[in-house]
1. What about Leu310, is it touching a residue at least 12 places away in the same chain (Cβ under 8 Å) and crowded, with 21+ Cβ neighbours inside 10 Å?
2. Mind listing just one residue for me: the one in region 385-433 that is in contact with a Lys or Arg (Cβ under 8 Å, 6 or more places away or on another chain) and outside any loop (DSSP other than H, G, I, E, B) and, of those, surrounded by the most Cβ atoms within 10 Å (Cβ to Cβ)?
3. Could you please give the count of residues in region 434-451 that are open to solvent by 30 Å² or more (accessible area, probe 1.4 Å) and in contact (Cβ under 8 Å) with a residue 60 or more places away in the chain?
4. When you go through Ser161, Ser138 one by one, which is the residue that is crowded, with 18+ Cβ neighbours inside 10 Å, among the polar types (S, T, N, Q) and in contact with a helix residue (DSSP H, G or I) (Cβ under 7 Å, 6 or more places away or on another chain)?
5. Looking only at region 95-105, decide whether some residue is of a type in the set (A, V, I, L, M, F, W, C) and over 20 Å from Val359 (Cβ atoms).
6. So the check is Cβ under 7 Å with 6+ separation or different chains; which pairs have a first residue in region 240-253 that's in a loop (DSSP other than H, G, I, E, B) and a second one that's among the hydrophobic types (A, V, I, L, M, F, W, C) and modelled with pLDDT under 95?
7. Under 6 Å between Cβ atoms, at least 6 apart or on separate chains: pull out the pairs that start in region 268-294 with a residue that is among the small types (Gly, Ala, Ser) and end on any residue that is assigned to a strand (DSSP E or B) and open to solvent by 20 Å² or more (accessible area, probe 1.4 Å).
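The values are calculated or read from the model by the stated rules, or taken from the named source; none is laboratory data. Keep in mind it's a predicted model, so treat the numbers as computed, not measured. Backbone-built Cβ (ideal geometry, glycine too); neighbour counts: all protein chains shown. Calculation scope for accessible area: heavy atoms of the full protein, side chains included, ligands and nucleic acids excluded. Shrake-Rupley method; radii C 1.70, N 1.55, O 1.52, S 1.80 Å.
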Amino acid sequence: MKILIVGCGKVGSTLAEQLDREGHDIIIIDNKASVIDYITDTLDVIGIVGNGASYHILLEAGIETADLLIAVTGSDELNLLCCLFAKKASSCNTIARVRNPQYNEEINFIREEMGLSMTINPELEAANEMFQLIRLPSAIKIATFADGRVELLKFQIPKDSILDGMKIMSMNRQFNSKVLVCAVERGDQVFIPSGTFLLKANDKIFFLASPKIAAEFFLHIGITSNHIKNALLIGGGTLAVYLTNKLLANGIKVKIMEQNLDRCNELSEMFPEALIINANASDNNILAEEGIKEMDAFASLTNLDEENILLSLYANKVSKAKIFTKITRLAYEDIIEEMPLGIIVNPKIITADRIIQHVRAMSNRKGSNVETLYKIVGSKVEALEFRVKSNSAFVGVPLEKLELKPNLLVSCINRQGKIIIPNGQDTIQLGDTVIIVTTNTGLNDLGDILL
C-alpha cells in the first residue's frame with residue numbers, strides 16, 4: 001500500500017521503519033528537515049519537509065493515489081486537520097492520534113463525522129493494557145486472539161520454580177496442561193522452542209491458553225494470583241486519569257501522589273472516591289507513610305523517565321506490589337531490561353503497535369489473511385492470527401508432514417469456537433483461524449509459513 005505518515009517523532013519513525021520493512025510504499029512528512037534527512041538516510045522511504053495539513057504539501061506527497069494517511073504529530077488538532085484535508089483530496093483511509101481526554105467522550109462522533117478509519121489515544125491504550133495485566137497479576141504481558149478465547153501470556157520463571165530445569169514436553173505431561181510455550185526470552189536471546197527445550201529460572205516465557213486454562217496453569221506451577229485490591233499511582237497525568245477510572249470501576253482502591261497542587265485539586269474533583277496526595281514521591285518517608293509496603297500495585301507515571309525508574313526500583317525493594325514503569329525514551333533499552341522495573345509501559349510504542357495491527361487488517365482486505373498481529377520480545381517475534389479462506393497446499397495435511405520455515409510454531413487453531421492446541425497429527429481446515437508465532441517478520445498469508 002501507499003502510506004503517508006505525517007509527524008516523524010518516535011511513533012512516526014517506528015511506523016515508517018516497520019511498514020517499510022513490510023514492503024509498503026512510505027512517504028513521510030515533517031516540518032523539521034533534520035528529521036526527514038535522518039529517516040530517509042536510514043530507511044527506503046520518501047521524505048517531504050513541510051506542514052502535513054497543507055493541501056499543496058499533501059498533493060506533492062501524492063495524496064490522490066494514497067491508500068492511507070497516518071497523522072501522528074504532537075497536536076491533536078493538526079492531526080485531525082491533516083485527515084480532513086486528506087479526505088477532501090482523495091478517497092484514502094485516515095488514522096489520527098488524538099490524546100486530549102476532552103475529546104475522548106466525543107471520539108465516536110469525531111471519527112464518524114470526519115470519516116476516520118481509526119483514532120488512537122496513546123494514554124488510553126496504555127491504561128487498557130495496564131488494567132489487563134492488573135486483572136491477571138501473574139502475567140507481565142497479555143494479548144488476546146480468537147475474540148478473547150485465547151490469551152498470549154508472558155511471565156518470568158521465578159528462582160526455585162518447579163519449571164527450572166524442566167523440558168517443555170515434561171511440563172505438559174506433569175501438569176496435564178493444555179498450554180503451549182511458543183517463545184522464550186533468555187537474556188538477549190530469543191527461542192521458538194521445541195518440546196525438548198529446557199526451561200531455566202529467570203526465563204521469560206510466552207504461552208498460549210484459554211483464560212481458564214491459564215489460571216489453572218499458574219496454580220499448578222505454584223504462582224498464586226492474589227487479587228489486587230489497592231494501587232498507588234505516582235503522577236497525576238492523563239495516563240493516571242484513564243487508569244484510575246478503570247481501577248475504581250472495578251472496586252480497586254486508588255491513591256494518586258502528585259506534586260502540583262492545582263492538579264491535585266482537579267483530580268480530587270474528578271475522583272472523590274480516590275485519595276489524592278499532594279507530595280513529592282522521591283521522599284521515601286512519604287511513600288512509607290502512604291503504605292507503599294502494603295500496596296498490591298504500584299505505577300510510576302511521571303513525565304520523567306529517570307524518576308520513574310528510581311521510584312520503581314525502590315518499590316521493588318520494599319514491597320511485593322506488581323510494578324509498572326512508564327518509559328518514553330528507550331535509548332538505554334538494553335540496560336533497562338536488566339533492571340527490576342516490573343512492566344515497562346511506553347504509550348508511544350503501544351500506539352505504533354496498534355496502528356500496525358490496523359494496517360495489517362487493511363492489507364487483509366487487499367489480499368493478506370492476517371486477522372490479528374502482536375509484536376513480542378521487543379518486536380523480535382510476531383504472533384499472527386490468520387484466517388483460512390481457501391483450499392491451499394497445507395489444508396488437511398498433518399502438521400508434522402508440513403515443511404515449515406525455521407523458527408516458526410503453529411501455536412493454536414480456532415475451529416468454530418473450539419480451541420485446539422495442536423500436535424503433529426492435527427490439521428488445518430478451511431474456515432479455521434490459526435495463530436502462528438515466529439521470528440520471520442512480515443508474513444502476509446498462511447501459505448508463507450511453508451518453505
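1. Values: touching a residue at least 12 places away in the same chain (Cβ under 8 Å): yes; crowded, with 21+ Cβ neighbours inside 10 Å: no.
No, not satisfied.
2. Among those that are in contact with a Lys or Arg (Cβ under 8 Å, 6 or more places away or on another chain) and outside any loop (DSSP other than H, G, I, E, B), it is Thr433.
3. 4
4. On the way: Ser161 fails: in contact with a helix residue (DSSP H, G or I) (Cβ under 7 Å, 6 or more places away or on another chain).
None of the others qualify; the one that does is Ser138.
5. Taking region 95-105 and keeping what is of a type in the set (A, V, I, L, M, F, W, C), we get 95-96, 98.
After this cut, where a residue has to be over 20 Å from Val359 (Cβ atoms) as well, the list is none.
No, there is no match, as no residue in region 95-105 is of a type in the set (A, V, I, L, M, F, W, C) and over 20 Å from Val359 (Cβ atoms).
6. Listed by first residue and then by second, the contacts come to Ile252/Ile228.
7. From residues that are among the small types (Gly, Ala, Ser), the pairs are Ser268/Ile276.
Every residue, every condition in (1) among the aliphatic types (A, V, I, L, M); (2) over 20 Å from Ile343 (Cα atoms); (3) loosely packed, with under 14 Cβ neighbours inside 10 Å; (4) over 20 Å from the mean Cα position of the chain (by Cα), yes or no:
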{"site": "Leu180", "(1), (2), (3), (4)": "yes, yes, no, yes"}
{"site": "Ala183", "(1), (2), (3), (4)": "yes, no, no, no"}
{"site": "His220", "(1), (2), (3), (4)": "no, yes, no, yes"}
{"site": "Ile228", "(1), (2), (3), (4)": "yes, no, no, yes"}
